[in-house]
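The values are calculated or read from the model by the stated rules, or taken from the named source; none is laboratory data. Everything numeric here is computed off the predicted structure, so don't read it as measured data. Here Cβ is always computed from backbone atoms with ideal geometry, including for glycine, and neighbour counts include all displayed protein chains. To get the accessible areas, we keep the full protein, side chains included, count just its heavy atoms, and leave off ligands, DNA and RNA. Shrake-Rupley method; radii C 1.70, N 1.55, O 1.52, S 1.80 Å.
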Amino acid sequence: QVQLVESGGGLVQPGGSLRLSCATSSTVFSASVMGWYRQTPGKQREMVATITVGGSSAYGDFVKGRFTISRDKPKNTVYLQMNSLKPEDTAVYYCSANLLRSDYWGQGTQVTVSS
């Protein structure tokens with residue numbers, strides 16, 4: 001069973017920063033493309049960032065250098081560092097793992113950017 005445990009969401013003012021974490025098992029972590037997606041009501045889930053086992057990353061166009069995805073192998077954890085947050089970044093953020101061509105999802109963590 002693939003488990004993805006997210007943490008780090010919350011309320012932040014515009015221009016602020018948050019770091020999201022996603023912990024999983026070593027088996028999943030070592031074999032999966034990991035990623036972060038987000039979704040707002042009435043909209044499709046969109047890709048925020050992904051990172052391969054080898055460390056190659058990709059970002060959604062809207063990120064524009066503000067976010068950084070990283071992998072911590074000893075902790076089997078993926079991070080999403082989000083800086084210069086905007087109100088339009090408000091969403092539920094989901095951790096994902098693509099393992100053997102199947103996608104797995106965490107429970108989601110709410111990020112709210114508001115003054």
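Pairing residues of the range 52-75 that are closer than 13 Å to CYS22 by Cα with residues that are open to solvent by less than 40 Å² (accessible area, probe 1.4 Å), at Cβ distances under 6 Å and at least 6 apart in sequence or on separate chains, gives ILE69/ALA49; ILE69/ILE51; ILE69/LEU80; SER70/TYR79; ARG71/ILE51; ARG71/VAL78. Looking across the range 13-42 at every residue that is of a type in the set (A, V, I, L, M) and open to solvent by 20 Å² or more (accessible area, probe 1.4 Å), the one that is farthest from ASP103 (Cα to Cα) is identified as LEU18.
Could you tell me whether ASN98 is open to solvent by less than 60 Å² (accessible area, probe 1.4 Å), within 20 Å of GLN3 (Cβ to Cβ) and in contact (Cβ under 8 Å) with a residue 60 or more places away in the chain? When the stated conditions are applied, ASN98 passes them. Selection of the range 35-51 for residues being among the charged types (D, E, K, R) and touching a residue at least 60 places away in the same chain (Cβ under 8 Å) yields only ARG38.
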